[in-house]
Amino acid sequence: MAVRYQITGGTAAEISASVESGVRSGALPPDSALPPVRALAAALAVSPATVARAYQELRQRGLVATAGRHGTRVRPRPPVATRRAARYPTPGPGVRDLSRGQPDLRLLPPLGPHLARLADRIGPPTGYAPAGVLPELAEAARERLTADGVPVDGLTVTGGALDGIERLLAAHLRPGDPVAVEDPGWANLLDLVAALGLRPVAVPVDDDGPTEAGVRDALALGARALIVTSRAQNPTGAAVSADRAGALRALLAGRPDVLLVEDDHAAELARLPLHPLAGATPSWAFVRSVSKPYGPDLRLALLTGDETTVARVAGRMSVGPGWVSTLLQRLVLALWTDPATTELVTRAEESYQRRRAALIAALAGHGLTAHGRSGINVWLPVPDETSAVTALRDAGWAVAPGGLFRIGAPPAVRLTISPLDDAEIPALADAVAHALRPARPAGFTA
Ligand SMILES: Cc1ncc(COP(=O)(O)O)c(C=O)c1O
């Protein structure tokens, strides 16, 4: 995207502050191109080294990314609050929005009745003293995780999965360190890795999780951490299979230099069994969010791992926000122990499975191969993302361009099935097939 914004400054700090100000004001929206180093240096009458230093500083803070011939561009979601939220432009009227990877709000448990019951039992106000992980929640979490084959030594609670992952990376890695991430992978994680000044190393993903060759290569490149999505991988729906888990465990065995992080965000919503890697390396963590089955606004995730790793995260929490409110912890416990909620989560799981399978089958009927072994998304490789996204929007469907999730993986689009009704699926598949039909050459007449 070409943008007219006058970058100013005579020093590296002034230039980077000017770019940051443009990002904040919305004058430099995501994906806008910054001028080439030499051109900006000439315009500002400074040396190219000064501009290069400014760009490097912005890169280390995750505001911009430099990608070969694409030059330096503002990242999709720079870690600076902007006046315009431009990441997912609001689709126009009449457009069905399948671009946001959020759970089906119709299938999340209502919190009102649980809050009302908690209100009756809440007791007198609490101060700082009883803060921390609620023992009852820890006990219930331990049971759930152990039943899934995850060893539980230490356990703590964070403000969601990404909060936990941020603390893990900050506790074990330093800016500039390489970190192995799935490609394609969760856009928010790529944003976080950039904001921490870490270097992403792309690990290809197939339907069974990160590929063995991809992990081997990333380790050979010196990755200091590996982040794996256990199930419902975002965006591809991959789930780590038993065989893949075995192969990855073998690769990771005896690697004290690598922090292994597993993200099991689908948790109770995942239909497929968990095949954890937990414990394959001496430094490991397993993070399970409650966002997908119970609601993103609960902002809570369980984090287990080796004693040192959990102690670092819990200790860093304690000198920062302190703890996740015991009110939220109690609410999660109430949801876990409510049979009606458990049934709702099972129904949600079935509904996602049915709609995903129906969409993949309908696309296959048009000769299109899409992916989605588990979770709430379907990932469809396309020849050209921009034209696919535009043609689908014109046909009344907003989908997410794969560029938000990719490093080197081939182009694709992500369709989140959460808002879809069963009856809409054939029409969506028709629209996709139509959108991907190659344009007829000019002058062609049938
Ligand atoms: C791969 C992945 N991990 C975790 C989450 C949930 O994270 P949080 O607990 O921060 O809401 C999501 C949500 O989309 C996700 O896609």
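Here, each number is a calculation from the coordinates, and none is a lab measurement. Since this is a predicted model, take the numbers as computed values, not measurements. Cβ: placed from backbone, ideal geometry, glycine included. Neighbour counts: every protein chain shown.
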Which value, in nm² and rounded to one decimal, describes the direction-averaged projected area of the C-alpha convex hull of the range 111-188? 9.0 nm²
If you wrap a convex hull around the alpha carbons of the range 324-423, what volume per residue comes out, as a whole number of Å³? 148 Å³
At 20 °C and 1.002 mPa s, grab the translational diffusion coefficient of the chain from Stokes-Einstein with a Kirkwood Rh over Cα pairs, rounded to a whole number in µm² per second. 91 µm²/s
Highest mean first, what order results for 270-278, 155-163 on Cβ atoms within 10 Å? 155-163, 270-278
Rg/Rh over Cα atoms for the range 4-87, Kirkwood Rh, comes to 0.93
For residue 243 and residue 45, what does the FRET efficiency come to when R0 = 51 Å and r is the distance between their Cβ atoms, rounded to the nearest 0.05? 0.25
Full-extension gain between residue 70 and residue 318, please, as 0.36 nm times their residue separation minus the C-alpha to C-alpha distance. 85.1 nm
Rounded to the nearest 500, what is the chain's calculated 222 nm mean residue ellipticity when only DSSP H runs of at least 4 contribute -39500 (n - 2.57) each, over all residues? -12000 deg cm²/dmol
Kirkwood Rh and Cα-based Rg: tell me the resulting Rg over Rh for the range 116-245, rounded to two decimals. 1.07
For 253-259, 315-321, 229-235, 17-23, ranked highest to lowest by mean beta-carbon neighbours within 10 Å, the order is 229-235, 17-23, 253-259, 315-321
Multiply the residue separation of residue 342 and residue 220 by 0.36 nm, subtract the distance between their alpha-carbon atoms, and state the gained length in nm to one decimal. 39.6 nm
On alpha-carbon atoms, Rg over Rh for the range 41-115 using Kirkwood Rh? 1.22
Evaluate the distance, in nm, between pseudo-label points positioned 7 Å from the Cα of residue 52 and of residue 351 along their respective Cα→Cβ axes. 5.6 nm
Kindly provide the trypsin sites (Lys or Arg not before Pro) of the range 1-91 that DSSP labels as loop, not H, G, I, E or B, and whose Cβ sees at most 10 other Cβ atoms within 10 Å. 4, 83
